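Working notes, structure below.
Every read-out reported here was derived from the displayed coordinates using simple, explicitly stated rules and does not represent laboratory data. It should be emphasised that the depicted structure is a prediction, and the values quoted were computed from it without experimental measurement. Because the Cβ atoms are built from the backbone with ideal geometry, glycine has one as well, and the counts that use them run over all protein chains shown.
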C-alpha cells in the first residue's frame, strides 16, 4: 500500500489528504500540536460549510513527524510560504533517497526572494534534490475537497518524478498534468496572488466585467514578464499555473487574496483584514518580494507597484485602481526590461 505524508493543515493540505486517502492510499497528515490534532479529529475537514465530509479511515492525523514520514514514498509540503524553510528543516532528517518531495505552497520567501523549491533544495541532503517537484494550478481547496472537477499541474526537472506524483494525485475529479518548467509553474502560482488582490480592489469598487477582463489580462502579461526575466518559459503562463490559476483567484469568492482586495476597497486596514482571517493570503508577502525583484531587475511592473502602494504605503485604492489597468499604456507586450515583445514577435 502506497503511503504518503502531507505536512501542514492548511485548507489545501487537508483537501489533498482527504482526496488521496479516499483513493485508497495510506495518508499521514502532520499537524503542529496535539491540540490541533484533537481539534481536527473532532471537527472534521470542513465543519462550517461541508460538515458531511469526514476524514477517511486511511487518513491518520498526527503531530509526530517520525510517524508521519515513516515508510512514506512521497511527502507534500502544504504550508505557508514564510514557514516553508522551518518545516523543511523538520522534515529533512526523515527523508530517504526514493522519497518524492512536493511543494504545494504558492509564495516567495521574504528577504531572499526564493521560490519554495529553492528553499527545499537548500535545506535537504543534496542527494535528494532530484526528487523535488512543485504543484500549482486553479485549485480552490474547498471545491477539490467537495469533489468538484478540477485540474492542476506538477512540475519537476526530472519528468520521472513528475509522472510519479501525477499518478499519486490523480483522482476521478482531479486531473493532473505534468511540466518541466519548475520556475514558471512556481512563479505563476505565487505571482497571480498579487493580481488577485488587485482584482478584488477593482471588483470591490464596482468596476464591472470589462475592467476585470482587462485587469486579469494585463496582470497575466506583467507576471509573465517577470517570470521570463527569472528564467521561466512564457508559454507556461498560458497554462494551468498561470492563466488557469489567475482566473480562479481573481474571480472566486473562495479566493483569500481576492477577499483582501475587496476589503481594502471598503477602507479596512490591512492589519485588520489579515487578523480576521484563519488562513494566509499569500499575495500580501508576495507583493513585497515581487516588487523588490522587479526593482533589482529594472523591470516595469505597474500593477504590482500599485498593489504594493495600497498594501504597504496606505495608498487609497480608489486613486490607484484605474492606473493599475492602464498605466504606461503602449504596445501590450512591451515594458521596461520586458523580453516579451522580442520573444513573441514574428521571426523574419
Shape of the range 183-344 from its Cα gyration tensor (a ≥ b ≥ c, root eigenvalues): rounded if a/c is under 1.5, otherwise prolate when a/b > b/c, or oblate?
prolate
For the range 260-295 and the range 41-78, what is the separation of their C-alpha centers, rounded to whole Å?
29 Å
I need the calculated FRET efficiency for the pair residue 129 and residue 272, taking r as the beta carbon distance and R₀ as 30 Å, to the nearest 0.05.
0.15
Classify the range 113-233: rounded, prolate or oblate, from the alpha-carbon gyration tensor (a ≥ b ≥ c, eigenvalue square roots; a/c under 1.5 rounded; otherwise prolate if a/b is larger than b/c)?
oblate
Longest principal axis of the chain (C-alpha) makes with the long axis of helix 283-297 (C-alpha) an angle, in degrees to the nearest 10, of 60 degrees
First check a/c for the range 165-249, with a ≥ b ≥ c the square roots of the eigenvalues of its C-alpha gyration tensor; if it is under 1.5, answer rounded, and if not, answer prolate when a/b is larger than b/c or oblate otherwise.
oblate
Using the per-residue mean of other Cβ atoms lying within 10 Å as a proxy for protection, in what order, highest first, do the peptides 191-198, 229-236, 97-104, 8-15 fall?
191-198, 8-15, 97-104, 229-236
For a Förster distance of 35 Å, can you work out the FRET efficiency between the beta-carbons of residue 315 and residue 148, rounded to the nearest 0.05?
0.40
For the range 156-185 and the range 107-135, write down the distance between their C-alpha centroids in whole Å.
17 Å
When DSSP assigns beta bridges and you keep just the ones with both residues in the chain, what percent turn out antiparallel, to the nearest 5?
15 percent
Ordering of 261-271, 129-139 by packing [mean C-beta count within 10 Å, highest first]:
129-139, 261-271
